[in-house]
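Novice: Sharing a structure, written as structure tokens. Questions coming.
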Amino acid sequence: MSHAWRALQHRNFKLFFFGQSVSVIGTWMTRLATSWLVYRLTRSAQIVSFALGPFAGVWVERLNRRKLLVWTQAAAALQSLAMAALTLTHVITLGEIMVLAAVQGLINAFDMPGRQSFLVQMVDDRNDLSNAIAINSSMANGARLIGPAIAGLVISAFGEGWCFMIDGVSYFAVIASLLMMRIKPMDIRRNASSMFEQMREGWDYVRTFRPIRTILLLFAIISLMGYSYAVLLPVFAGHVLHGSAHTLGWLTAASGIGALVSGLSLAARRSVVGLTRMVQIASAMLGGALILFGLSHTLWRSLVLMVFVGFGLMQGASVSNTIIQSLVPEDKRARVMGYYTMAFFGAAPFGSLLAGTLAHRIGAPHTVIVTGAFCIAGSLWFTLDLPKVNAGMQPIYQEMGLLSARDMDLTSDLQEPAI
């Protein structure tokens, strides 16, 4: 199983891995604390985010990505420390939470495409890129498991403000790891085209290349419908399961266990070949688990279902990321990852708004059932389009030497896709 951790042999990625591990624990503490704080102030589920994916993707291609990430991490630290100061002084209001959440969304719009496209520079061997993505997902989801559990204890003992304070300080670990890296400058020619022309070029590529278009559309559906359950978790913890912040922490940690298993399973893979089937399975699993979660009124059953929800969500997101990164040319990587960012940070707020509206009308359990049904419908649509998706991917994987002679035989019949 040593191949499962092969990306950690690269010094720069190892530095990033350990620095990010500290920071992401703090990030998940803040997410849970923010969710519970908003619920405590309003007794309803609300979320605010902001996305500038395509615009940010063009900017990322024009900037030094390491310097960009240092600035985004510093800005995120200031945002969390501002949340801490306002909360600890007991002057924070819902409006201030919404403004600071919008600021965080703006930071994420630049941070996420920068982070994803920077992975290529941290991993010297392109063949280890998919493993680096999987390890990064495992790290994030290990933190997703640890962070909410710590946050539940901190909230109970000291309040939400100290979660924000810990998160703000944790960003300095990532900044230190970025500054310690020895990065080879990338040989990318400066594009004389205007920003609008580059945005249009990126859009045309995403729109016309069927594999990326289809995977991004399914990921957008999952983000719109699947991730919206998170904004309703405080309602389930408080009203459906009659619990407290501890209950919310356990539900979030259960989904983190599933997500961690997903990341480890991807790290154990030797190749990206065969991952399209996992997108199909993960979407269906997510939808089914959400429907059953909406029907559950028992804590232990809800916790088990959250494990499957976490697995399906992270498997869909990580696999989509891995496939896209393996297909996209370097000169379009940041722009395409900008659309990936938009699919998540752009669709998720609309899904949360929709979920909140539906929850007021039909209740949180029925809302989650509806969103789960849409995830299953997305999986069925993806299944129908899968042969054409694999046909578009096959020439690129052949050129990269990822398909063996046996794989070539299997993929010759597009009715039995194997890519």
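Nothing in this text is a laboratory measurement; each read-out follows from the coordinates by a stated rule. Predicted model, so just to flag it, every value in this text is computed and none were measured. Here the Cβ is made from the backbone with ideal geometry for all residues, glycine too, and neighbour counts use every protein chain on show.
Novice: Between residue 362 and residue 102, 0.36 nm times their residue separation minus their Cα-Cα distance comes to what?
Specialist: So the extension gain works out to 90.8 nm.
Novice: Find how much the distance from residue 184 to residue 91 grows on full extension, using 0.36 nm per residue of separation minus their present alpha carbon separation; answer in nm with one decimal.
Specialist: 28.8 nm
Novice: Just want to confirm a number: the relative contact order over segment 273-331, from Cα pairs under 8 angstrom separated by 6+ residues, in percent.
Specialist: 46
Novice: Over segment 225-369, what number does the Rg to Rh ratio reach, with both radii from the alpha-carbon atoms and Rh per Kirkwood?
Specialist: Here Rg/Rh amounts to 1.01.
Novice: Go through segment 264-278 residue by residue and turn each phi into a ³J(HN,Hα) via Karplus (6.51, -1.76, 1.60, θ = phi - 60°); whole Hz please, and just put x for glycine and proline.
Specialist: For segment 264-278, the Karplus curve yields 5, 5, 6, 5, 6, 6, 8, 8, 7, 5, x, 6, 4, 5, 5 Hz.
Novice: While we're on this one: Modelling each spin label as a point 7 Å along the Cα-to-Cβ direction, I'd like the residue 298/residue 350 distance in nm, to one decimal.
Specialist: In this crude label model, residue 298 to residue 350 measures out at 3.8 nm.
Novice: For residue 269, what residues show an amide H to amide H distance below 5 Å, using hydrogens built from the backbone and excluding near sequence neighbours?
Specialist: Placed amide hydrogens put nothing under 5 Å from residue 269.
Novice: Something else: Which distance in nm do the two modelled labels at residue 169 and residue 207 give, with both placed 7 Å along the Cα-to-Cβ direction?
Specialist: Here the modelled spin labels are 5.0 nm apart.
Novice: OK, next. Could I have the simple spin-label model distance between residue 8 and residue 200, label points 7 Å from Cα toward Cβ, reported in nm to one decimal?
Specialist: In this crude spin-label approximation the distance works out to 4.8 nm.
Novice: What list of ³J(HN,Hα) couplings, whole Hz, do you get for segment 77-90 from phi and the Karplus terms 6.51, -1.76, 1.60, once you set θ to phi - 60° and write x for glycine and proline?
Specialist: Listing the rounded values in order: 4, 5, 4, 5, 5, 5, 4, 5, 4, 5, 6, 5, 8, 6 Hz.
Novice: Give a residue-ordered list of calculated ³J(HN,Hα) values for segment 363-376 (Karplus: 6.51 cos²θ - 1.76 cosθ + 1.60, θ = phi - 60°; whole Hz; x for Gly, Pro).
Specialist: Karplus-based 3J(HN,Hα) across segment 363-376 equals x, 4, x, 5, 4, 5, 4, 5, 5, x, 5, 5, 5, 5 Hz.
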